[in-house]
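Okay, structure first, notes after.
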Amino acid sequence: MADFPTFDTTPAIDSWSEEKAFDPTIRARSEAGYTKTRARTTRIPKKYTVVYSPLHLFDKTAVAEFEDTVKVGADSFNWTHPIDGAIKVVRFAEPVKYTALWHKTWWKVEMTLEEV
């Protein structure tokens, strides 16, 4: 399994988010007005929004090449959680977004990752 590249730049804390990947609740309403609920699954994976800004062109290229290696969201990979340092097995939930900041040397890289 591939490992996500490491950088000198840490993710932007103000753009960081961590949430449940989906709501596992199944709801069934009865004719009497009651709602029965149960969980669809026993495990609820997390979804992470990670933004690196500014990221140098060399590091941006490393992310782009890694994204091609794992075929966007097709393959999973090891990623080190930047806050607690735990290694998570994740995949890209959507294609990575790249935004040029200054003279196309510095980039903003936005990723949405979901646990496998």
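Using a 10 angstrom cutoff on alpha carbons, build the Gaussian network for the chain and name the most mobile of GLU18, GLU31, GLU67. With Cα springs under 10 Å in the chain, the top fluctuation among GLU18, GLU31, GLU67 is at GLU31. The residues neighbouring TRP107, those whose beta-carbon lies less than 15 Å from its own, together hold a net charge of -1 under the Lys/Arg +1, Asp/Glu -1 convention.
Just to check, using Stokes-Einstein with a Kirkwood Rh over alpha carbon pairs, what's the diffusion coefficient of the chain at 37 °C and 0.692 mPa s in µm²/s?
After rounding, the answer is 207 µm²/s.
GNM, the chain, Cα, under 10 Å: largest mean-square fluctuation among ALA93, ALA12, ALA39? Among ALA93, ALA12, ALA39, the largest GNM mean-square fluctuation belongs to ALA39. Which residue, THR37, THR99, THR49, has the most motion in a Gaussian network model of the chain that connects Cα atoms within less than 10 Å? Looking only at THR37, THR99, THR49, the largest GNM fluctuation is found for THR37. Couplings 3J(HN,Hα) for the stretch 89-98, derived from phi with the Karplus relation 6.51 cos²θ - 1.76 cosθ + 1.60 (θ = phi - 60°), are 9, 9, 9, 5, 7, 7, x, 5, 9, 10 Hz, where x marks Gly and Pro. For the chain, the 222 nm mean residue ellipticity estimated from helices alone, with every DSSP H stretch of n ≥ 4 adding -39500 (n - 2.57) and the total spread over all residues, rounds to -3500 deg cm²/dmol.
On a 0 to 90 degree scale, rounded to 10, what angle separates helix 57-69 from the longest Cα axis of the chain? Tilt of helix 57-69: around 50 degrees.
With an 8 Å cut-off on Cα pairs and a minimum separation of 6 or more residues, tell me the relative contact order of the chain in percent. With pairs under 8 Å counted, the relative contact order is 29 percent.
Checked against a 20 Å cut-off, the cross-linked pairs LYS47/LYS97; LYS20/LYS108; LYS88/LYS108 give Cα-Cα distances beyond that limit for LYS20/LYS108; LYS88/LYS108. Loop sites here are trypsin sites (Lys or Arg not before Pro) outside DSSP states H, G, I, E and B with no more than 16 other Cβ atoms within 10 Å. The longest part of the chain free of them is 1-39. Taking a straight line from the alpha carbon of LYS104, these lysines sit under 26 Å away, with near neighbours fewer than eight places off in the same chain left out: LYS60, LYS71. Distance from the Cα centroid of the stretch 88-105 to that of the stretch 1-55 is 18 Å (rounded to whole angstrom).
Values quoted throughout were computed directly from the atomic coordinates according to the rules given, and no laboratory measurement underlies them. Bear in mind that the values here come from a model prediction, so they are computed numbers and not experimental data. Cβ atoms come from the backbone with ideal geometry, glycine included; neighbour counts cover every protein chain shown.
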